[in-house]
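Note sheet for the following structure.
What follows draws every value from the coordinates through simple rules; no lab data is involved. Just so we're clear, the structure is a prediction, and the values are computed from it rather than from any experiment. Counting neighbours? That spans all protein chains shown, and the Cβs are built from the backbone with ideal geometry, glycine included.
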Amino acid sequence: MRHEISWKRLDVTGHDRCTLVSESGGYRIAGEARWEEGGETFTSTYEVWCASDWATRSARVEGSFGARPLSFSLERVSGKGWYLDGARIDFADDLLDVDLGFTPATNTNAIRRLDLALGERRETTALWFDTEDRSFKRLMQVYERIGDNVYHYASPQHGYEAELGVSDTGLVLDYPDLWTALDEQVPLKPQNT
């Protein structure tokens, strides 16, 4: 499986290009985001590795927030919790998803891991990178599958609710007021000969 997608940012000038691939024992979400905000340019390359059940195993980000460099590595160690650049995060032991706050790509891992039936609603909490203060926090999220490819999403602590349109692969196509997909490329299915 290999899927590519590009997004345009709607609240500021920016874009993101992401690739989702299946790898031995799991999945890799990798991309590059760039946006302008407050007179500064922000750039990042990111990689998120997920297990076969879509629980996040690790993530790595490199880039800059304006003139400030941005670089971190996350790893979830079985039975020991999350580590940020080798230091244990003491509030995240029970979390299974990473949400990088600057890309819609990391809604995919939660959507796929939850694997909701039509009409099903679940609360989950992600290890969230807050771009405003460049720190990790717990972020409660609510997903409800209201259509084959539509999820009602809520982030209660931000007062944000929206209907997310997603592709068959779980990549967000429409993230109201924040992102819209420019294209999605999926591999062709082999034809019978």
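Here are a few things to note about the model shown:
- Residue separation of Q157 and L10 scaled by 0.36 nm, minus their Cα-Cα distance, works out to 50.8 nm of gained length.
- Rounded to the nearest whole Hz, the Karplus-based 3J(HN,Hα) values (6.51 cos²θ - 1.76 cosθ + 1.60, θ = phi - 60°) of segment 90-95 follow the sequence 7, 10, 10, 3, 8, 8, with x at glycine and proline.
- Extension gain (nm, one decimal) between D94 and S64, 0.36 nm per residue minus Cα-Cα: 7.9 nm
- J(HN,Hα) series, segment 121-133, from Karplus relation 6.51 cos²θ - 1.76 cosθ + 1.60, nearest Hz, glycine and proline x: 10, 9, 9, 8, 10, 10, 7, 10, 8, 8, 6, 5, 10
- Summed residue charge, Cβ within 10 Å of Q157's Cβ, Lys/Arg positive, Asp/Glu negative: +2
- Relative contact order for the chain, counting Cα pairs under 8 Å that sit 6 or more residues apart, in percent: 17
- Environment charge at F91 (Cβ cut-off 13 Å; Lys +1, Arg +1, Asp -1, Glu -1): 0
- Sites matching trypsin sites (Lys or Arg not before Pro) across segment 63-148 that sit in DSSP coil, with at most 15 neighbouring C-beta atoms within 10 Å: K80, R134
- Interchain or long-range residues, amide H under 5 Å from A92's placed H: W82
- Taking every DSSP helix (H) stretch of at least 4 residues in the chain, weighting each as -39,500 (n - 2.57) and dividing the sum by the residue count yields a mean residue ellipticity at 222 nm of -1000 deg cm²/dmol.
- Shape analysis of segment 4-114 places it in the oblate category; the axes a ≥ b ≥ c from the Cα gyration tensor give an a/c of at least 1.5, with a/b not above b/c.
- With R₀ set to 25 Å, the beta-carbon distance separating L178 from T19 gives a calculated FRET efficiency near 0.80.
- Options (1) 16.4, 50; (2) 21.8, 70; (3) 16.3, 56 - which one matches Rg and Dmax of the Cα atoms in Å as calculated here: (3)
- Distances between placed amide hydrogens fall under 5 Å for W54 paired with no residue 5 or more residues away or on another chain.
- Sequentially through segment 71-80, phi angles give Karplus couplings (6.51, -1.76, 1.60; θ = phi - 60°) of 7, 7, 9, 10, 8, 9, 9, 3, x, 10 Hz, Gly and Pro residues having no value and appearing as x.
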